[in-house]
1. Using only the alpha-carbon atoms, how far is helix 241-252 inclined from the longest principal axis of the chain? Give it as 0 to 90 degrees, nearest 10.
2. Could you compute the FRET efficiency for Ala216 and Cys378, with r as their C-beta to C-beta distance and R0 at 56 Å, rounded to 0.05?
3. Taking the Cα centre of region 232-375 as origin, sum charge times position over the Cβ atoms of Lys and Arg (+1) and Asp and Glu (-1), and report the length of that vector in debye to the nearest 20.
4. Where does the charge balance sit around Val271 when Lys and Arg score +1, Asp and Glu -1, over other residues with C-beta under 13 Å from its C-beta?
5. Under 8 Å for C-alpha pairs, at least 6 residues apart: give me the relative contact order for region 76-150, rounded to a whole percent.
6. Write out the trypsin sites (Lys or Arg not before Pro) in region 204-306 meeting two conditions: DSSP loop, and at most 13 other Cβ atoms within 10 Å of their Cβ.
7. Over 26 Å apart: what share of the alpha carbon pairs of region 38-173 falls there, rounded to a whole percent?
8. Can you give the translational diffusion coefficient of region 111-169 in µm²/s, computed by Stokes-Einstein from the Kirkwood radius over Cα pairs at 10 °C and 1.306 mPa s?
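Values quoted throughout were computed directly from the atomic coordinates according to the rules given, and no laboratory measurement underlies them. Note that the structure is predicted; figures quoted are calculated from it, not measured. Counting neighbours? That spans all protein chains shown, and the Cβs are built from the backbone with ideal geometry, glycine included.
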Amino acid sequence: MKRFLQIVAWTLGRVVKFPGNVLSFVVRLFTSVHKGRIVCWAHNFKQYGCNPRYLTEHLIAAGHEDVWWVFRRGVNTSEVDSRVKVVRFRSWRYFLLMATAEVFITNARTDPYHIYWHKRPGQRYAMLWHAGVALKRIEGDALAGLGYSYLRKARRDSQICDLMISGSRMHSDIVRRAFWYDGAIMECGLPRNDIFFDVSRHADMRKEVCCHYGIAQDSRIVLYAPTFRHGTSIEPYRLDWSRVRSHLQRMYGTETVTVLVRLHPNLIGRVDTSPLVAYEGVVDATLYHDMQLLLCASDMVITDYSSAMFDFSMLRRPCMLYATDADSYDRGFYFDIHNLPYPLATSEEALLDTIANFDMEAYLCDLDRFFTDEVGLCETGKACETLGRWIIDK
């Protein structure tokens, strides 16, 4: 019965998408590929960020003019570089771009049939996956947690993909083993991580975030960025920030500590975040356009299973884990979560104790060992430059 219902749902999906794909076919009959035209999107057309954004800004700075970004209706595009052309998903111009662009860049799986794009000769597709070093098992390594429709989408996506990237030996191994992909992998690092190596810009980034949220420039900023669970319960993300901020204030020796709460993009529009930020000095940053900017602006990160912990480590600042469901989380891990360089708290009381007793020297020593011995990190801050050459040379 389950298999029958899956087939019915798949068939209905095809019927609903049929007119858009017919229009796509007609447009392709009367157009050709425009050399140098690039179309980007991120997180299912919902945000301007992650790897596609940083590659875009590198290309724009290098003088590339024919760069487009696609967004769903209602998405705030005020942060998009003015030199980038913006188009709405499923508009007439969108169909024209999907038929004529030479290069497509995104950061997550897409299903060509569902976005009315059927790759034609002369077009190339780079899927710049939205994580590098991973804790949670993903794709083929987490089959039990993937639905029928996602598996179809993932396999179709890999079949048309021309390039994937990697920032570590571990990441490359995962792509080869678990992504149903046998194409080119470029071990160049992640474009979004180049920012961590550009130290001269960090002060301006911090100022930008402080101005955006009205935070005092001398405030310590702690970013709380948990990943998502299936379902819409906010219980796994709850903390009594009055108590936690008190401990953070003692740790930093200042009263000016601001907490930014940022939930995973998968939860945008699905959960009410107001109970999570109903405390003094706590701000909802879920809709902020750029996670990497928040990381650069933050003095500390608290997360659970998010790969943000590994990105943030490149700044060599404190990171700790708060996960009340560490022993029951249903995705599985690549590492023993208890042996990571980040101290793990499975209760609020344990988190308070971790903050009070954090040992920075031991933490940095553990970080170096972990990234050298277990991860094989190859980030150098040159990912955008390397990918830019791939686009131009091809």
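1. 70 degrees
2. On the way: r = 38 Å, r/R0 = 0.68.
With a Förster radius of 56 Å, E is 0.90.
3. Its charge dipole is roughly 380 debye.
4. Net of charged neighbours comes to +1.
5. Numbers: 44 pairs, mean separation 18.9, N = 75.
Worked out over region 76-150, it gives 25 percent.
6. Sites meeting the loop and neighbour criteria: Arg238, Arg270.
7. 23 percent
8. It diffuses with D of about 121 µm²/s by this estimate.
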